[in-house]
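Working notes, structure below.
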Amino acid sequence: MPQVTDVTEDGPAGELPRFAELVLDLTERIPPGRVMTYGDVAEYLGQGGPRQVGRVMALYGGPVPWWRVIRADGRLLPGHEQRALARYRAEGTPLRERTDPPRVDLRRARWDGRPTSAKPPHGRE
């Protein structure tokens, strides 16, 4: 799990805030080829909101599969479009290729957090 080096208002140096731990843990559980929006993550956790989840991902999300937590419109993260697109294609994440740039097809790629919905899209194994 990522660690912080400064003292935070939520705990001593070297410890992540509890909300950050929850966000990062959930992000690690999103199956390859699937995504959750920032709002989906907050709703699943029952706390915070899309902006708070985005802040956690911006500060601490590097070591986890950050490309699996996306904007509600499916657009790729500004400044990371090419890296994210390569990951989506490698994982078989459903994309809307006709848009420029491509977007994640949320209708097909969205994960609801249940283990039974972890099966990759289109029957990929």
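Ordering of 73-80, 15-22, 32-39 by packing is 32-39, 15-22, 73-80, highest average first (other Cβ atoms within 10 Å, averaged per residue). Between Q82 and R96, the modelled labels are 2.5 nm apart [label points 7 Å from Cα along Cα→Cβ]. Across segment 81-89, computed HN-Hα scalar couplings (Karplus, 6.51 cos²θ - 1.76 cosθ + 1.60, θ = phi - 60°) run 4, 5, 5, 5, 4, 4, 5, 4, 5 Hz from first to last residue, x flagging Gly and Pro.
Bear in mind that the values in this text are calculations on the coordinates, not laboratory data. Predicted model only: the values in this text are computed from it and were never measured. Methodologically, a virtual Cβ is constructed for each residue, glycine included, from the backbone with ideal geometry; neighbour enumeration extends over all protein chains shown.
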